[in-house]
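Beneath this line is the structure, given in structure tokens, with notes to follow.
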């Protein structure tokens, strides 16, 4: 196999990785988050949208690595650059895997993107749950606030609808309710 053919293989790999990553970016972070953070008694693991962006950056770097090999005609320098970019691409994948929200029977755990802090609260430490109504092109969102004023938000989507019934039952058991907020009025 000559260099000409190898160049086309890496060009095809670059295009393939680019297309597959664009198609899979919606569900791969969720699958990885579920695998990494799953434990017994867990209702659901959520991965924030910002983590999806980090995975996108990682896939982009791998795509560029393959493209560099193809454009530089499979030279040693191109392979060194591609290996370097592939190694650098692991950083956004790792960072993206660290952001999560976990709901379980006895606690809520979360960590935000680019934060080394991991928070874990029992349901009794939850002070309020607000639902912000959708406005224009933005979806509704749930905001969870804890006794120490720490909080996080989750978009109201199909992933969240999986836990709405257990969530309402759990909130009833601790005498909390979801408060609806119309952001147009605030």
Of (1) touching a residue at least 40 places away in the same chain (Cβ under 8 Å); (2) more than 19 Å from residue 39 (Cα to Cα); (3) under 15 Å from the mean Cα position of the chain (by Cα); (4) not in a strand (DSSP E or B), residue 115 satisfies all except one. Which? (1)
Out of all the residues in the range 67-85, which are touching a helix residue (DSSP H, G or I) at 6+ places or on another chain (Cβ under 7 Å), surrounded by fewer than 16 Cβ atoms within 10 Å (Cβ to Cβ) and modelled with pLDDT under 90? 73
Just give me the residues in the range 23-42 being assigned to a helix (DSSP H, G or I), exposed (fewer than 15 other Cβ atoms within 10 Å of the Cβ) and out of contact with any helix residue (DSSP H, G or I) (no Cβ under 8 Å at 6 or more places or on another chain), in sequence order. 23, 24, 31, 35
Going through 152, 160 one at a time, which residue ends up being within 21 Å of residue 98 (Cα to Cα), out of contact with any helix residue (DSSP H, G or I) (no Cβ under 7 Å at 6 or more places or on another chain) and not in a strand (DSSP E or B)? 160
Among 129, 168, 102, which is the only one that is touching a helix residue (DSSP H, G or I) at 6+ places or on another chain (Cβ under 6 Å) and over 30 Å from residue 63 (Cβ atoms)? 102
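The values are calculated or read from the model by the stated rules, or taken from the named source; none is laboratory data. This one's a predicted model, so the numbers in the text were calculated from it and none came from an experiment. Because the Cβ atoms are built from the backbone with ideal geometry, glycine has one as well, and the counts that use them run over all protein chains shown.
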